[in-house]
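Below: one structure, written as structure tokens.
The values are calculated or read from the model by the stated rules, or taken from the named source; none is laboratory data. Predicted model only: the values in this text are computed from it and were never measured. Cβ placement follows ideal geometry from the backbone for every residue including glycine, while neighbour counts extend to all protein chains displayed.
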Amino acid sequence: MPTTPPVNAFAEDTSTERRLGRRYSRYGPPNRADAQWGADPMPKYMVRANYLGTGAAGLLKDGGSGRAEAVQKLVASVGGSVESMYWALGEDDFYGIFELPDAQAAAAVSLAVAASGALKLKTSELLSVEQLDDAVRRRVEYRPPGG
């Protein structure tokens, strides 16, 4: 019984993607512009934020749409793009996944937001499945403390 390949929900036009021979991970495409030119995709960062007093007041004033626009402008100002953003109930108030050129751009975003005093941020660089597989294949020497 022949099997059909899974549909890539991330590709805009799967027939074109198949014709051009582009292969994307089932966990998501690389940055489309980078894939077109054969370069590595930009690193991805997850930003978790908690609103402080003035930040919560600003959110009430601007609403989610106003803050989303401000976040997109902030990330674009350092050469990055917003993959997704969500507001949440629970331990953190905001989650964003950003593609940023490098760690310095991530630090610039973090410092600008922290200096405002409106939010407290936690930024983490994310690894793709392929990057994690590469890390697993690497052999390292390690001696635990006292070992």
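Pairs needed: first member in segment 62-73, within 15 Å of A112 (Cα to Cα) and at pLDDT 95 or above; second member anywhere, of a type in the set (D, E, K, R) and assigned to a helix (DSSP H, G or I); C-beta distance under 9 Å; at least 6 residues apart or different chains.
Sorted first by the residue in segment 62-73, then by its partner, the pairs are A70/D62.
Identify all residues within segment 59-74 that are of a type outside the set (A, V, I, L, M) and under 12 Å from F94 (Cβ atoms); write none if there are none.
Of everything in segment 59-74, those that are of a type outside the set (A, V, I, L, M) and under 12 Å from F94 (Cβ atoms) turn out to be G64, R67.
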